[in-house]
1. May I ask you to derive the relative contact order of the range 84-131, considering only C-alpha pairs under 8 Å and at least 6 residues apart, and to give it as an integer percent?
2. Separation of the range 47-75 and the range 280-323 by C-alpha centroid, Å?
3. Quick check on the range 186-342: what does the Kirkwood estimate of hydrodynamic radius come out to from the alpha carbon pairs, in Å?
4. So what's the angle, to the nearest 10 degrees on a 0 to 90 scale, between helix 206-218 and the longest Cα principal axis of the chain?
5. Among 44, 312, 80, which one moves the most in a GNM of the chain with springs linking Cα atoms closer than 10 Å?
6. Please list, in chain and number order, the residues 5+ apart from residue 261 or on another chain whose amide H is under 5 Å from its amide H, with Hs placed from the backbone.
7. With unit charges on the beta carbons (Lys and Arg positive, Asp and Glu negative) and the dipole taken about the Cα centre of the chain, which residue among 289, 85, 43 sits farthest to the positive side?
8. Pick from 95, 325, 203 the residue whose mean-square fluctuation is largest in a GNM of the chain, springs joining Cα atoms under 10 Å.
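Bear in mind that the values in this text are calculations on the coordinates, not laboratory data. Quick caveat: nothing in here was measured; it's all calculated off a predicted structure. Neighbour counts are summed over all protein chains in view; Cβ atoms, including those assigned to glycine, are modelled from backbone coordinates with ideal geometry.
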Amino acid sequence: MTKKIGILTAGGDCPGLNAAIRGVAKTAIIEYGMEVLGFHDGYKGLIDNDYTALTESSVSGILTQGGTILGTSREKPFKKSEDRNGELKTDKIVENYNNLELDCLVCIGGNGTIKTAHKLSKLGLNVIAIPKTIDNDVWGTDLTFGFDSAVSICTDAIDRLHTTGNSHKRIMIIEVMGHNAGWIALYAGLAGGGDVILIPEIECDIDTVANYLHKRHTQGKPVSIVVVAEGVYEQKNNSFNAHQLAQKIEEITGIETRSTVLGYIQRGGTPTATDRILATCYGRYAAQLISKEKYNQLVVFKNNCVSHIPLKESAGKLKTVKPDEMIVTAARALGVCFGDGE
Ligand code: F6P
């Protein structure tokens, strides 16, 4: 029997989404003769039965395109469970899934998407999840696609901050995304030669940071780069933003300090080669699992190869930076300050 599958992209967008859509659809169509439907705007499209049939030509030429041709949303059908007519959104999802006679739904997204996919599997839908997010905080996989592109964008930005900081002998602060994890700040901070890297997983203290920066200055190093993960602001005694942090550091050290919030630039543009390859291989593998009717799995990247784990093992968990992570100890060995006085 020819299988019929649905694909949706949900949560924050990132480079590589179209490569993943293409990887699933082309493999499903060419290798397994499946019928493929693309649902618009994440789970919203599934609730509203809003989809487009995907063909080889409709996914041709999208590998290098940022964003998602299907659109995305942060619709959480189990959270805001009723629609404006008082109908349960999850009932509509199950009804649409069954009426369309889908064999499986491929959900491409981060933690929220994976959690919803797992809950839908408990309502009887067959699902496969593909880990997508610039945050790289999906438990169970070494890498999510989108992360490498975000790290490259941030590293390029840090390189540019070095040149303007050198010209003005300033301390330059850059705030990067990452939600409640510090992976982007850690990787881009090391790649960009950051002197201070602040991440939510390591409790930091502004005075410690300021003293470190002042000491650098007295040692004839007037220019410093401080990379701050946005999640740091959730730390109990750090309810500040990048601009306030800059003001405080300038106040304490007497050194001109400027801040840059990189924001959504980290999620735009064409995917890196790494993300194109990872997303494509994730997509292909998802189609393979469906062909074997191996449902309710999360596709992962472990020990340098693509494999899968049961969805329930990842759903609801977060992969955060461990303080003894190799890259943290490497950074410390190079004298990078994490604001914790170590
Ligand atoms: O999850 C990706 C991400 O970019 C986070 O790093 C960031 O905190 C969040 O999305 C921003 O959410 P939104 O796109 O809804 O503003």
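1. Numbers: 39 pairs, mean separation 19.3, N = 48.
Dividing the mean separation by the residue count of the range 84-131 yields 40 percent.
2. Each part's Cα centre sits 21 Å from the other's.
3. Working: mean 1/r = 0.0543 Å⁻¹.
When all Cα pairs of the range 186-342 are included, the Kirkwood radius is 18.4 Å.
4. Relative to the chain, helix 206-218 is tipped by roughly 50 degrees.
5. 80
6. Sorted by chain and number, the residues that satisfy this are 175.
7. 289
8. 325
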